[in-house]
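The structure appears below as structure tokens.
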Ligand SMILES: [Zn+2]
């Protein structure tokens, strides 16, 4: 943003809101930045299930709830425990090709469902055209009993729909089939490396490599040292608190955001998750502070979920054991990815709750806040979904544009712009005010 347009914005904000409110918003952005920086710091271990990252993050959020005087929702506690299964990488994660060390999460990723594996193995490089029929796939497997197969996954030339289908089936079998006998799979790709976490472990390790200066055809050995531990029952927790409304109504507004992220890949590398979703928690905690000082009309419940990245499990646990009457929820807004906004915001369920969506658009036009408010239909991609499935009117809103880091080690606080955060926050204050 240029200095000129920044000054114009200050002038506009001052005219619309008056000077004092602008100053209070300026304080909010400092707080939001501090929240994102803290949650995305190494001490929070990527807010996953290695080293208790989820426990550290949930304790931090509960402290913020307490500081603002929120009422705990679970019999005097802010926490709601629930269990999930997770495959974790708590120890060593080291990979060498032809004796040369690769950099974890920059050059390669270990598949989220991989088991532990240690040793040096022969590598057999193949191309997509080498596995485009079942017969060819079987020939490759037979030669690889004690070896890793390295699939060069770059498209060589035009592939017919039938050929593409057959290659995809071969890749699925190489990754998951318990009937095939070989050591493991390496996939060489030009696609961005994007990690995830999953609730199960598969039969063999998968290593995905994206390294420009590597010729996959020349790889002949893999030295791999990966500690993996499948935890069938990990106890994690949601955080839940409430501010009582001034109207005396028993209707509830819910503001939610997941605090978990992907955790650690080995004991050295963590996924900071600044945009996903330290930024959404910063939005939630900004509302906690705001409504602690400016009493809302309706009871306002704040839900910070764990287990989102692994299958939207925290909100699932909540709706299965609700700490509030779901029927009394007037509206729920879930914040997930709130850290950019160069291209405005997108509203999932906008087409479903069109009246509320139109009001959001009108408020944005009247007060000239974010660049765009775009509509989207249903999408079961975040925590709002579990509530929506139970009939709770709800939006999931995310910011668009700006930095594209996502589910990788580059989603860091240092590079997250929070471009439209203050305007986004102001818009949502207005929106909640009109419900
Ligand atoms: Zn997310």
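Spin-label pair residue 75-residue 203: with each label point 7 Å from Cα along the Cα-Cβ axis, the two points sit 4.5 nm from one another. Counting other Cβ atoms within 10 Å as a rough exposure proxy, the listed residues 166, 365, 315 run 365, 166, 315 from fewest neighbours to most.
Subtracting the Cα-Cα distance of residue 135 and residue 161 from their residue separation scaled by 0.36 nm leaves 7.5 nm. Going from the residue with the fewest nearby Cβ atoms within 10 Å to the one with the most, 421, 431 rank 431, 421. The long axis of helix 53-67 is offset from the longest Cα principal axis of the chain by roughly 0 degrees. Would you look at the GNM of the chain, springs on alpha carbons closer than 10 Å, and say which of 119, 51, 391 moves the most? With Cα springs under 10 Å in the chain, the top fluctuation among 119, 51, 391 is at 119. When a/c is below 1.5 the answer is rounded, else prolate if a/b is larger than b/c, else oblate, so apply that to region 92-226 with a ≥ b ≥ c taken from the square roots of the Cα gyration tensor eigenvalues. Cα axes put region 92-226 in the rounded bin. Look at 28, 260, 225 and count the other Cβ atoms within 10 Å of each Cβ; fewest to most, that gives 225, 28, 260. Would you please give the FRET efficiency between residue 172 and residue 352, computed as 1/(1 + (r/R0)^6) with r the Cβ-Cβ distance and R0 = 30 Å, to the nearest 0.05? The formula returns an efficiency of 0.35 here.
Out of every Cα-Cα pair that the chain contains, those further apart than 32 angstrom amount to 44 percent. Need one word for region 30-95: rounded, prolate or oblate. Basis is the Cα gyration tensor (sqrt eigenvalues a ≥ b ≥ c); a/c below 1.5 gives rounded, then a/b vs b/c decides. Verdict is oblate for region 30-95. Per-residue packing, averaged as other Cβ atoms within 10 Å, sorts the ranges 99-109, 268-278, 144-154 into the order 268-278, 144-154, 99-109, beginning with the highest. Test of understanding: in a Gaussian network model of the chain with alpha carbons linked when under 10 Å, which of 357, 367, 79 would top the mean-square fluctuation ranking? With Cα springs under 10 Å in the chain, the top fluctuation among 357, 367, 79 is at 367.
Taking 73, 337, 218 as the candidate residues, the one with maximal mean-square fluctuation in a Gaussian network model of the chain, Cα springs under 10 Å, is 218.
Scaled against 2.2 N^0.38 Å for its residue count N, the alpha carbon radius of gyration of region 58-107 is 2.09. Could you compute the FRET efficiency for residue 220 and residue 381, with r as their C-beta to C-beta distance and R0 at 56 Å, rounded to 0.05? Calculated transfer efficiency: 0.85.
For the chain, the 222 nm mean residue ellipticity estimated from helices alone, with every DSSP H stretch of n ≥ 4 adding -39500 (n - 2.57) and the total spread over all residues, rounds to -9500 deg cm²/dmol. Taking the longest Cα principal axis of the chain as reference, the axis of helix 19-39 is set at about 30 degrees. In the chain, the longest principal axis of the Cα atoms and the axis of helix 279-293 are about 20 degrees apart. Pulled fully out, how much extra length does the chain show between residue 30 and residue 235, if you take 0.36 nm times their separation in residues and subtract their Cα-Cα distance? Residue separation times 0.36 nm, minus the Cα-Cα distance, leaves 70.5 nm.
Computed from the coordinates by the stated procedures, all read-outs in this text should not be read as laboratory data. Everything numeric in this text was worked out from a predicted model, so none of it was measured. Glycine also receives a Cβ, built like all others from the backbone with ideal geometry; neighbour counts cover every protein chain displayed.
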